[in-house]
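The structure appears below as structure tokens.
The values are calculated or read from the model by the stated rules, or taken from the named source; none is laboratory data. Just so it is clear, the structure is predicted and the values come from calculations on it, not from any experiment. Backbone-built Cβ (ideal geometry, glycine too); neighbour counts: all protein chains shown. Protein only, heavy atoms only, side chains kept; ligands, DNA and RNA dropped before computing areas. Shrake-Rupley method; radii C 1.70, N 1.55, O 1.52, S 1.80 Å.
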Amino acid sequence: MIWIVLIMAALVVRFQYPRLKRNGQKKELAVSACLLAAGVTLNMLYSFRVELPDPLDWLTVIYKPMSRAVLSMLN
């Protein structure tokens, strides 16, 4: 699984990035590189069974104090 992800990322870099660079699309190249790096990193962490936080956990951390404040005002 890890090798497949690395090979696919290498193929994207090999064929996609020279075209973007040649056409002067620097912003698109930067965004594409960041997204590819994030995707490969997350996939590698998932493959090594690293505990990744759920996006819902972040929302809970943000909204929990607000919900407590609203509930205390209602009681």
- Task: Would you be able to say whether some residue in the stretch 27-42 is out of contact with any Ser or Thr (no Cβ under 9 Å at 6 or more places or on another chain) and not in a helix (DSSP H, G or I)?
- Result: no
- Task: Take the stretch 1-23 and flag every residue that is open to solvent by less than 60 Å² (accessible area, probe 1.4 Å) and farther than 12 Å from residue 40 by Cβ.
- Result: 17, 18, 20
